[in-house]
Amino acid sequence: MIEENKISRFILELIKKTKKNEVEWDEADSSPTIPDGSERLVDLAYSANINDKNFRIYKYNIKHYRDEYEWDWSERIRLELTDNFGNTIYEFPYEYSLYDLYNAVRESSSGINDFIDDFLKS
């Protein structure tokens with residue numbers, strides 16, 4: 001079993017490398033498999049190949065039940081190690097730093113920084 005501290009350090013390093021454009025994320029070729037009814041994909045899924053390993057990150061909602069017939073949707077981020085066909089090999093444990101990683105991924109893959117730089121030059 002992977003120690004929790006090691007996973008936290010890995011995610012923090014991914015955030016840093018994503019912000020420095022050392023890790024490139026693109027819109028994922030394959031959509032994640034979401035259980036029917038209890039979860040739903042909220043936004044785009046992104047993927048990156050890092051040291052010949054495939055990673056996918058995405059935002060999803062999960063039902064949080066208050067009782068048998070009443071629930072609210074809770075937002076979560078999931079980071080996965082996948083095979084070449086998009087099947088999940090390993091799901092990283094949930095932690096709040098995944099939100100920071102997801103936001104860094106969205107920003108870097110959107111190209112908004114280059115757009116703003118070009119816009120401000122003109």
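The set of residues in segment 16-32 being assigned to a loop (DSSP other than H, G, I, E, B) and exposed (fewer than 11 other Cβ atoms within 10 Å of the Cβ) consists of LYS20, ASN21. In segment 40-56, the condition of being surrounded by 10 or more Cβ atoms within 10 Å (Cβ to Cβ), within 18 Å of TYR94 (Cα to Cα), of a type in the set (S, T, N, Q) and under 15 Å from the mean Cα position of the chain (by Cα) is met by at least one residue.
Residue-level check: of (1) within 25 Å of LYS6 (Cβ to Cβ); (2) open to solvent by 80 Å² or more (accessible area, probe 1.4 Å), ILE77 misses just (2). In summary, strands (runs of 3 or more DSSP E) completely within segment 45-122 and bearing 3 or more residues that are among the charged types (D, E, K, R) occur at 53-65, 71-82. Take GLU80 and tell me if it is of a type in the set (Asp, Glu) and touching a residue at least 60 places away in the same chain (Cβ under 8 Å). No: the conditions fail for GLU80.
Being over 15 Å from GLU91 (Cβ atoms), open to solvent by 50 Å² or more (accessible area, probe 1.4 Å) and modelled with pLDDT under 95 is a description that does not apply to GLU13.
Considering segment 57-72, the residues that are within 18 Å of THR33 (Cα to Cα) and not basic (Lys, Arg) include one that is surrounded by the most Cβ atoms within 10 Å (Cβ to Cβ), namely ILE57.
The values are calculated or read from the model by the stated rules, or taken from the named source; none is laboratory data. Note that the structure is predicted; figures quoted are calculated from it, not measured. Glycine also receives a Cβ, built like all others from the backbone with ideal geometry; neighbour counts cover every protein chain displayed. Accessible surface areas use protein heavy atoms only, side chains included; no ligands, DNA or RNA. Shrake-Rupley method; radii C 1.70, N 1.55, O 1.52, S 1.80 Å.
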